[in-house]
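The values are calculated or read from the model by the stated rules, or taken from the named source; none is laboratory data. Just so it is clear, the model here is predicted, and its values are computed rather than measured. Positions of Cβ are backbone-derived with ideal geometry, glycine not excepted, and every protein chain shown enters the neighbour counts. All accessible areas refer to the heavy atoms of the entire protein, side chains included, with ligands and DNA or RNA removed. Shrake-Rupley method; radii C 1.70, N 1.55, O 1.52, S 1.80 Å.
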Amino acid sequence: MSLNYLATRFQCTWPWTTLVMLCDGRIVCGCADPYAKRVLGDTRTGTLASIWNGATISTLRQNLNTGGSAFCGDCPLKLPLGADQAPAARSLDAGMLPSRLYIECTAACNISCFEACCAPETGITRTRQAGMLNVDLFKRVVDEAGPSLVRIDFFNYGEAFLHKRAVEMCEYIKTRFPHIYLYTSTNGLAFNDATAGTLVHSGIDEVTFSIDGATEASYATYRQRGKLSLALQNLRVMVEEKHRAGRDVPFLNWRYILFTWNDSDEEMALARTIAADLGVDRLCWEITDHPEQGFSRRFLAGTPEIASIRHETWDDNNLGNAIPGATPRARIDVLTPLSPVPALPILARRRGRVSVRTRVHNLSTRPFPAQASYGRRLVRLGAQLHEATGRLLERDYARAWLPATLQAGAAADVAIELDAPPAGGRYLLKFDLVSEGIDWFEKCGSPTTTKALWVY
């Protein structure tokens, strides 16, 4: 980090989209503020709307539009600007309320992660004015912001489920505002069989278990005072209850931070085996640069090793999976036009409508769901419109439903209806599958199919 960080030009999008509520009710800017240095306001004495539209954050937005703000201090979320790069000029009107909210139930934790800024011995709990989030305050803030929110991240620092009413809070969010995408991250150690099962039925959309190792010894090197067998047992309970109840949510992730002591082929292979046996939805590796004496040197940027697992890493995409065969992969054969010459283009009249016949093959070991709760994670065929040069014109050009859930190794014929562009000329259509609300398959390495479109 530069010692002259106040002089460095940077930009940031957080003050236009997201707020973070600490367990004492104060609001901070960004999820990388463990000791509450950047406070925007306090919901105990004002509304969330008054903070979102208040003087502190309004000034922050103005300053960021000019290339930086002293308010941000040493925040690691800042996006540096190049010497000749102008900051994005965003509207100072960010709407009445944010679209995303982090909720911290407590800053306390039941383990001590090795040299982590939020470990109990750092004194993080002493920077909070309350040990646990007041439930009435929580409800008031959620009721105010809920209609505008797209997503709630039900965690920040500490272990959220140490709060005795944390599961009840999740139920409250999804009962009052089912449209909100509710996500949480946990070390998995604060549950018992009952609370783990209840969380599955709360309506929560996604739960990530942070489990950094496949053996007790390597796991406990970072998650000090943690117990691998307990975390895996609670994860197993959630998987089994989800399957028993026939639910497709919550989506269950196992996130595994790679360190020098847990990044061997043998231990990573063991994690893959355990994850497959548990039946979790996804196993991902997380690449970190701390602590200095602990982060993996094997998987550094630019190495063949990181290239070999790139699509399995947490930050690469939202679909890649370290469980063998579980990363979504498809082949799309375009069967239009009806001709033995595959290179012939698709022909269409300007503003006309054309039906393109395809055959979609599932090349992975997991099914592609044709339906899903809240319309998320169902898989559809998509067509993207490009210029003949390859420049993207419209990513969401057309969609087509799968006729039914496409099982592993199976294929299905899918017709997709297209409205031809109003201007004649030569275009390209790129066909890919999309997990709705999550990501395109291409992002995790699945091949796409491109076909020429001639409009006359």
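Go through the residues of segment 4-11 one by one and say whether even a single one is in contact with a Lys or Arg (Cβ under 7 Å, 6 or more places away or on another chain) and surrounded by 14 or more Cβ atoms within 10 Å (Cβ to Cβ). Yes, the conditions are met somewhere in segment 4-11. Being open to solvent by 50 Å² or more (accessible area, probe 1.4 Å), touching a helix residue (DSSP H, G or I) at 6+ places or on another chain (Cβ under 8 Å) and over 24 Å from Pro120 (Cα atoms) is a description that does not apply to Leu278. Here Pro76 clears all of (1) surrounded by 15 or more Cβ atoms within 10 Å (Cβ to Cβ); (2) within 26 Å of Thr127 (Cα to Cα); (3) under 26 Å from the mean Cα position of the chain (by Cα) except the condition numbered (1). Within segment 253-269, track down each residue that is in contact (Cβ under 8 Å) with a residue 24 or more places away in the chain and either farther than 30 Å from Ile180 by Cβ or surrounded by fewer than 20 Cβ atoms within 10 Å (Cβ to Cβ) (or both). Matches in segment 253-269: Arg255, Leu258, Phe259, Thr260, Trp261, Asn262, Asp263, Glu267, Met268. Within segment 294-317, restricting attention to residues that are assigned to a helix (DSSP H, G or I) and either of a type in the set (A, V, I, L, M) or at positive phi (or both), the residue that is surrounded by the most Cβ atoms within 10 Å (Cβ to Cβ) is Ile306. Going through (1) within 30 Å of Arg223 (Cα to Cα); (2) at pLDDT 95 or above one by one, Asp74 falls short only on (2).
Does segment 14-33 contain any residue that is of a type in the set (Val, Ile, Thr) and farther than 19 Å from Arg128 by Cβ? Looking through segment 14-33, at least one residue is of a type in the set (Val, Ile, Thr) and farther than 19 Å from Arg128 by Cβ.
Take Ser229 and tell me if it is touching a helix residue (DSSP H, G or I) at 6+ places or on another chain (Cβ under 8 Å), surrounded by fewer than 16 Cβ atoms within 10 Å (Cβ to Cβ) and closer than 22 Å to Thr260 by Cα.
For Ser229, the condition - touching a helix residue (DSSP H, G or I) at 6+ places or on another chain (Cβ under 8 Å), surrounded by fewer than 16 Cβ atoms within 10 Å (Cβ to Cβ) and closer than 22 Å to Thr260 by Cα - is met.
Residues to consider are Ala190, Ala194, Ala217; find the one that is assigned to a loop (DSSP other than H, G, I, E, B) and of a type in the set (A, V, I, L, M, F, W, C). Only one candidate passes the filter, namely Ala190. Reported count of residues in segment 170-226, each being open to solvent by 50 Å² or more (accessible area, probe 1.4 Å) and among the charged types (D, E, K, R), is 5. The residue list Phe251, Phe209 contains one member that is at pLDDT 95 or above, under 22 Å from the mean Cα position of the chain (by Cα) and within 18 Å of Cys118 (Cβ to Cβ), which is Phe209. Whenever a residue of segment 104-128 is among the hydroxyl-bearing types (Ser, Thr, Tyr), its partners that are in a strand (DSSP E or B), lying with C-beta atoms within less than 7 angstrom and at least six residues away or across chains, give the pairs Ser112/Gln224. Selection of segment 318-369 for residues being more than 18 Å from Ala400 (Cα to Cα), surrounded by 15 or more Cβ atoms within 10 Å (Cβ to Cβ) and among the aliphatic types (A, V, I, L, M) yields Leu319, Ala322, Ile323, Ala326, Leu347, Ala348, Leu363.
The requirement of being open to solvent by 40 Å² or more (accessible area, probe 1.4 Å) and without any contact (Cβ under 8 Å) to a residue 60 or more places away in the chain is fulfilled somewhere in segment 370-380, by at least one residue. Taken over segment 406-451, the residue count meeting the criterion of being under 20 Å from the mean Cα position of the chain (by Cα), touching a residue at least 60 places away in the same chain (Cβ under 8 Å) and not in a strand (DSSP E or B) is 8.
Remark: pairs (first residue in segment 223-235, over 11 Å from Ile111 (Cβ atoms) and part of a helix (DSSP H, G or I); second residue open to solvent by 60 Å² or more (accessible area, probe 1.4 Å) and modelled with pLDDT of 95 or more; Cβ separation under 6 Å; 6+ apart in sequence or on different chains) = Leu228/Glu216. Restricting Gly146, Gly158, Gly82 to residues that are modelled with pLDDT under 95 and open to solvent by less than 50 Å² (accessible area, probe 1.4 Å) narrows the list to Gly82. Selection of segment 31-57 for residues being open to solvent by 20 Å² or more (accessible area, probe 1.4 Å), of a type in the set (S, T, N, Q) and not in a helix (DSSP H, G or I) yields Thr45, Thr47, Asn53. Based on what the data block shows, is Phe138 part of a helix (DSSP H, G or I) and closer than 12 Å to Glu104 by Cα? Spelling it out, Phe138 is indeed part of a helix (DSSP H, G or I) and closer than 12 Å to Glu104 by Cα. Given the structure, is Arg100 in contact with a helix residue (DSSP H, G or I) (Cβ under 6 Å, 6 or more places away or on another chain) and more than 25 Å from Thr184 (Cβ to Cβ)? So Arg100 does not fit the description; no.
Apart from one condition, Trp454 fits all of (1) farther than 28 Å from Arg310 by Cβ; (2) out of contact with any Pro (no Cβ under 9 Å at 6 or more places or on another chain); (3) aromatic (Phe, Trp, Tyr); (4) surrounded by 12 or more Cβ atoms within 10 Å (Cβ to Cβ); the exception is (2). The set of residues from segment 91-134 being modelled with pLDDT of 95 or more, surrounded by fewer than 16 Cβ atoms within 10 Å (Cβ to Cβ) and in a helix (DSSP H, G or I) comprises just one member, Arg126.
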